[in-house]
Amino acid sequence: MTLASTPDARLQLIGITKRYHALVANDQISLTVAPGEIHAVLGENGAGKSTLMKIIYGAVRADAGQMLWNGRQVEVASPEAARRLGIGMVFQHFSLFETLSVVENIALALEGPFNLAALAERVRSVSTQYGLPLDPGRLVHSLSVGERQRVEIVRCLLQNPQLLILDEPTSVLTPQAVQKLFETLRQLAREGVSILYISHKLHEIQSLCDRATVIRSGRVTGHAIPSQETPASLARMMIGRELPHTEMAPFTGTPHTVLQVDALSAASPDPFGTALDAVSLQVQSGEILGIAGISGNGQNELMAALSGEAPVASAAVKLEGRAIGHLDAGARRDLGLGFVPEERLGRGAVPAMSLSRNALLTAHRQGMVNYGLVSYTRAAEFARQVIARFGVKCGGEQALARSLSGGNLQKFIVGREIAQNPRLLLVSQPTWGVDVGAAAQLRQTLVDLSRQGVAILVVSEELEELFEICDRIAVLAGGRLSPPQPRAACNAEAIGLLMAGPQAA
Amino acid sequence: MMDHLTPILVGTLGAATPLVLAGLGELITERSGVMNLGVEGMMLIGAIAGFATAVGTDGSVILGLLGGVAAGVLAASAFAVLALSLAANQAACGLALTIFGVGLSAFIGQSYVSHSLAGLQPWAIPVLSDVPFVGPILFRQDPVVYLAFLLYVLVAWTLAHTKVGLLLRAVGESPEAAHAIGYPVLGIRWLATLTGGGFAGLAGAYLSIVYTPLWVQNMTAGRGWISVALVVFAAWKPTRLLLGACLFGGVTILQFHAQGLGLDVPVELLAALPYLATILVLVLISRDRNLLLLNLPASLSRPFLPGR
């Protein structure tokens, strides 16, 4: 691989280096993207992909290195400058305005005349064309994570970029929608648009990308043509060892029903939410029940009703035979319910608080509070135990939650719940934005926990994940739950059709 | 009844005008995520600067008002340097600006205490001002009153229907996201802050040049603070702000009349009435949490420096 200028490259990076104090986020990174090429950037979370993308997009300045754009050296001083050059980016952490509508959000990113009505039409047609249906008038705060990502993608497509950067774009799409998106991306590539595609899903990279640059710990560890590699060889380049896979031993105990939900109907507090329509399910001890479906189909409402954030009719939710529907979240936790919400920062953990204080928030039941007084030493001890037991990489129990990578914080939050020995664990999007290694560890942890007799309910948009760890799978679409099927009786296409809901038929 | 009501209502709009102006300015500033508590100070600086300019130009009202605007912008720029470019605590900077404004205006105003100006005659708008009852109330006002209401329409329309307004709301909600999609957040906040300063300066100059055309130390008498409160209670919505300002203006005039009636109520209590009534009513109508949450600029008073 030569580092000399490649005259016909759309984008060429030479020796990009970025340091944050002692940490070298990008170390001499070079890569070349040709016009119309779909180029994968493969790497774990924390490998430096995001920093590199931010440098290309002008959000962060490199300490050293050059960037050539269509053969010309450029300094991208700001995201605006990047957009002027024709670089569009779909962010992993969405850059959307919650109190504005979809079309207003998109309008802000576009140049040209300001005509919301006309733009709403374009949004509607482009989003339908690419299989990412969007209602332009809805306020973003009422959208699910998946729907928000659609807004980001559609917003980029409307800018007619020459280079499109996509950061884990498919994690929230049905298999059918992923195929549609890939068709879109291939079409864009045929039209000459270069695509930088960041993902940890190896089979996607293999089916979509022309070339790949693999990054580990801030350095390029390999260039590859994905179609000529195997998932195992790509994974080795990415994480430096074999791809872990989940061990599923059968449950040896006697199963009994832990969670029983009968005809649970609940209106959504959100005017744009999805009401639950007679949802019934059972989770046995020793099993993992997976709930597939695209966010915004009642997932938030179901989790709120089960966790106690939104109490419902008393008899609709039973924990080991006891009606708990009317209890609030704290009372349900007292009875042995653990809950890992979808948003790590802000809901699962308080970003500006230390891990020790965050442990206290749900684990105070473990003897950390006596006569209303908090024992910080016990909280710290508990946090230390969680950190050690679940291999959380952090600067100790006094590290702030926001200083951890997504994977490590998720390990901590899941670990915090598990260390309280729950009888029922609810987990929403267990590996959202988590790197491969941590995701594998989290999945294995959940499986092991269930085999100890804990009932686990997992809501996830990642089908592969559900197929990997669940004993039974049901699909939530439009607020209705399909009958749970044993994993062996499910296939991705059928689940995908259920996920798309009746409107897709 | 009518002969009491009409003069009260006629006075209402004039009394409301400084609050409409200063409140609109603060609303623009806060919509961008910047909380400038220096409105009272900027109004006082605008008041004395406007008054001095008018006196120095043989009573030119227009130059006086412009002087007030310029002084307000200047005062706001001092705030912006500290609170925006240097990312200092906005509440502290705003309070400092108010304290500074009170002192500075009193200092400059010492030599202007004995002066007075002619003020402005009302402009009767042809035809409309002859409509019975409504005519004299709405259409026989001084030009600044009309200007304030025009500015209200302009601000409300801009916020609701233009890209500039959308951008302002966007920056106020998430400066990070606005930066990420390529907008100069700091520049937008600077502009919004200076605009707020200009509005506050105009409000102050209106008080000293037109409303009571003389300089009295501390003559804004807390109107700047009421404007800040109005903005919050109005849920950052211009129309509610306008109604709140009119309520304040109405009760102000009402209590003047009540004082004239010689009621056996301490004057101080009556004078406090507009402040009390305004706060009370606004608290009552702003109890809708969703409304507040939807309109609250989420980044309010949170400093933002790009590239961190």
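By a straight-distance test (C-alpha under 29 Å), which lysines pair with A:K411 as possible cross-link partners, with residues fewer than eight away in the same chain excluded?
Once the sequence-local lysines are set aside, what remains near A:K411 is A:K18, A:K49, A:K54, A:K201, A:K318, A:K393.
In degrees between 0 and 90, to the nearest 10, how far off the longest principal axis of chain A does helix A:436-451 point, with axes built from Cα atoms?
Around 10 degrees separate the two axes.
Okay, helix-only estimate at 222 nm for chain B: each DSSP H run of n ≥ 4 adds -39500 (n - 2.57), divide by all residues, round to 500 deg cm²/dmol; what do you get?
Calculated mean residue ellipticity at 222 nm is -23000 deg cm²/dmol.
Hand me the chymotrypsin sites (Phe, Trp or Tyr not before Pro) from segment B:107-177 located in a DSSP loop with no more than 13 other Cβ atoms within 10 Å, in residue order please.
B:F133
Mind checking the angle between helix B:163-173 and chain B's longest principal axis? C-alpha axes, 0 to 90 degrees, to the nearest 10.
70 degrees
What percent antiparallel are the DSSP beta bridges of the protein assembly as shown, to the nearest 5?
Counting only bridges with both partners in the protein assembly as shown, antiparallel ones make up about 55 percent.
If you restrict to DSSP beta bridges whose two residues both lie in segment A:308-432, what percentage is antiparallel, to the nearest 5?
Of those bridges, close to 50 percent are antiparallel.
Evaluate the relative contact order of segment A:86-143 (contact order divided by residue number), counting alpha-carbon pairs under 8 angstrom at least 6 apart; express in whole percent.
The value is 46 percent.
Relative contact order for segment A:351-421 using alpha-carbon pairs under 8 Å, separation at least 6, rounded to a whole percent?
Once normalised by length, the contact order is 40 percent.
For a footprinting-style exposure proxy, rank A:R150, A:R389 by other Cβ within 10 Å, fewest first.
Going from sparsest to densest Cβ surroundings: A:R389, A:R150.
Can you find, among A:I87, A:S142, A:G396, the residue farthest towards the positive end of the dipole of chain A? Put +1 on the C-beta of Lys and Arg, -1 on that of Asp and Glu.
After comparing all options, I get A:G396.
Considering only DSSP beta bridges where both residues belong to segment A:400-505, give the percentage that are antiparallel (nearest 5).
The antiparallel proportion sits near 45 percent.
Could you list B:L243, A:L337 in order of exposure, starting from the residue whose Cβ has the fewest other Cβ atoms within 10 Å?
The most exposed by this proxy come first: B:L243, A:L337.
In debye, nearest 20: dipole of segment A:351-421 around its Cα centre with unit charges on the Cβ of K, R (+) and D, E (-)?
Here the size comes out at about 80 debye.
Could you give the dipole magnitude of segment B:195-308 about its Cα centre, charging the beta-carbon of Lys and Arg +1 and that of Asp and Glu -1, in debye to the nearest 20?
Once rounded to the nearest 20, the dipole reads 580 debye.
Are there chymotrypsin sites (Phe, Trp or Tyr not before Pro) in segment A:279-388 that DSSP puts in a loop and that have at most 11 other Cβ atoms within 10 Å, and which ones?
When the chymotrypsin sites (Phe, Trp or Tyr not before Pro) of segment A:279-388 are filtered for loop state and at most 11 Cβ neighbours within 10 Å, A:Y371 remain.
Enumerate the aspartates and glutamates that B:K237 could reach by cross-link, defined here as Cα to Cα under 16 Å, with residues fewer than 8 away along the same chain left out.
Result set, ordered by chain and number: B:E26, B:E30, B:E173, B:D288.
Under a 5 Å amide H to amide H cut-off, with H placed in plane at 1.01 Å, what residues pair with A:G222 once short-range neighbours are removed?
Those qualifying (amide H under 5 Å, at least 5 residues apart or on another chain) are A:V214.
Could you list which residues have their amide H under 5 Å from that of B:Y183, counting only those 5 or more apart in sequence or on another chain, with H placed in the peptide plane?
none
Relative to the longest principal axis of the C-alpha atoms of chain A, give the angle of the C-alpha long axis of helix A:145-157, reported between 0 and 90° and rounded to the nearest 10°.
On a 0 to 90 degree scale, this one is about 10.
For chain A, calculate the relative contact order in percent as a whole number, restricting contacts to Cα pairs under 8 Å that are 6 or more residues apart.
Relative contact order, chain A: 15 percent.
Rounded to the nearest 500, what is the 222 nm mean residue ellipticity of chain A from helices alone, with -39500 (n - 2.57) per DSSP H run of 4+ residues and division by all residues?
-9500 deg cm²/dmol, from helical runs alone.
Which is farthest toward the positive dipole end of segment A:11-239 among A:Q228, A:S207, A:L164, measuring Cα position about the Cα centre, with Cβ charges +1 (Lys, Arg) and -1 (Asp, Glu)?
A:Q228
Could you please rank B:I108, A:I38, placing first whichever residue has the fewest other Cβ atoms within 10 Å of its Cβ?
B:I108, A:I38
Using amide H atoms built in the peptide plane, which far-off residues or other-chain residues are under 5 Å from A:I165 H to H?
Hits under the 5 Å cutoff: A:G88, A:M89, A:V90, A:L196.
Would you mind working out the magnitude of the charge dipole of chain A relative to its Cα centre, with +1 at each Lys and Arg C-beta and -1 at each Asp and Glu C-beta, to the nearest 20 Debye?
960 debye
Of the trypsin sites (Lys or Arg not before Pro) in segment A:395-428, which ones lie in a loop per DSSP and count no more than 16 other C-beta atoms within 10 Å?
A:R423
We did not get these values from a lab; they are worked out from the coordinates using the rules stated. As the structure is a prediction and not an experimental result, all values here were calculated from the model. Here the Cβ is made from the backbone with ideal geometry for all residues, glycine too, and neighbour counts use every protein chain on show.
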